[in-house]
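Written below as structure tokens is the structure these notes are about.
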Amino acid sequence: MARPDKATAVAEIADLFRSASATVLTDYRGLSVAQLKELRTTLGADTSYAVVKNTLTKIAAKDAGVEGIDDLLVGPSAVAFVQGDVVEAAKGLKTFAKANPALVIKGGILDGAVVTPEVLSKLAELESREVLLAKLAGAMQGSLQQAVSLFAAPLNQAARAVGALQAKLEAEGPADSAPVAEAAPAADAAPAEDAPAAETAAPAADASESEAPAAEADAPAAAATEEASTEETTTQEAAPEDK
């Protein structure tokens, strides 16, 4: 392979390492071209499966910051670069390997750590992300429905209790309320009888107050009479002296 082509291949593989959520290294010896095509179809569009050269792949892994992969790059190698759900990719590889024993899983890189074929096999036994989300949604919906039932139960019980109490009060109400209705006028009558006495006493108090101005009005008149008498006496006493 020419040097520019090698540089291009290394750059492409390094980009795949960087963008992949996981990588799985396999030995593909014994698989035909048709079987490799079938495997790519099984893995789906979110996983790219490429036959690689070990030397260039080691360089690309180093450029991408992936470590611990050199020991897996022995013999014919093909790498599955997983872009989507890792569990789904592991399931696809495991299912295809059962039907085609020529596919050998060497190991992989998951979250920056090297994982063994046994770990990938256990990963394939897990439920997919879609199934887990569906179960989580179902559990949350069930919890919400249970919470609604728990909140609604006390309210229903309280409503029934209030209804029963209201029915009891309506049944006992007429018998208990009659004496109260008859006694009410007697309680109101006492203030009515005392009211005229209080009202008649008020004018008497007002009358005594009205007499005070009259007495004050008579005082100037008496003073004026006294002054007139004094003037007449003075005139009478002065008259003989003029004669």
(request) Go through (1) touching a Pro at 6+ places or on another chain (Cβ under 6 Å); (2) at pLDDT 95 or above; (3) not polar (S, T, N, Q) and name the single condition Arg29 misses. (result) (2)
(request) Please state which one of Ile109, Ile69 is under 16 Å from Leu16 (Cα atoms), buried (at least 19 other Cβ atoms within 10 Å of the Cβ) and under 42 Å from the mean Cα position of the chain (by Cα). (result) Ile109
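Listed residues Gly44, Gly92, Gly65, Gly75; which is within 19 Å of Ser121 (Cβ to Cβ) and at pLDDT below 95?
Result of the check over Gly44, Gly92, Gly65, Gly75: Gly92.
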(request) Within segment 13-40, track down each residue that is farther than 24 Å from Thr116 by Cα and surrounded by fewer than 13 Cβ atoms within 10 Å (Cβ to Cβ). (result) Ser32, Val33, Ala34, Lys37
(request) For residues that are hydrophobic (A, V, I, L, M, F, W, C), within 14 Å of Ala102 (Cα to Cα) and touching a residue at least 12 places away in the same chain (Cβ under 8 Å), tally how many sit in segment 26-52. (result) 3
(request) Return the pairs, sorted by first residue and then second, in which the second residue is small (Gly, Ala, Ser), the first residue lies in segment 56-71 and is in contact (Cβ under 8 Å) with a residue 24 or more places away in the chain, the beta carbons are less than 7 Å apart, and the residues are 6+ apart or on different chains. (result) Leu56/Ala9; Thr57/Ser77; Ala60/Ala14; Asp63/Ala14; Ala64/Ala14; Ile69/Ala61
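Please verify whether Ala61 is under 21 Å from Thr8 (Cβ atoms), crowded, with 18+ Cβ neighbours inside 10 Å, touching a Phe, Trp or Tyr at 6+ places or on another chain (Cβ under 8 Å) and of a type in the set (A, V, I, L, M), treating the condition exactly as stated. Spell out the reasoning first.
Details: under 21 Å from Thr8 (Cβ atoms): yes; crowded, with 18+ Cβ neighbours inside 10 Å: yes; touching a Phe, Trp or Tyr at 6+ places or on another chain (Cβ under 8 Å): yes; of a type in the set (A, V, I, L, M): yes.
Criteria met by Ala61.
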(request) For segment 2-21, indicate whether the set of residues that are outside any helix (DSSP H, G or I) and over 13 Å from Phe81 (Cα atoms) is non-empty. (result) yes
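The values are calculated or read from the model by the stated rules, or taken from the named source; none is laboratory data. As the structure is a computational prediction, the values presented were derived from the model and not from experiment. A quick note on method: Cβ atoms are made from the backbone with ideal geometry, for glycine too, and the neighbour counts reach across all protein chains shown.
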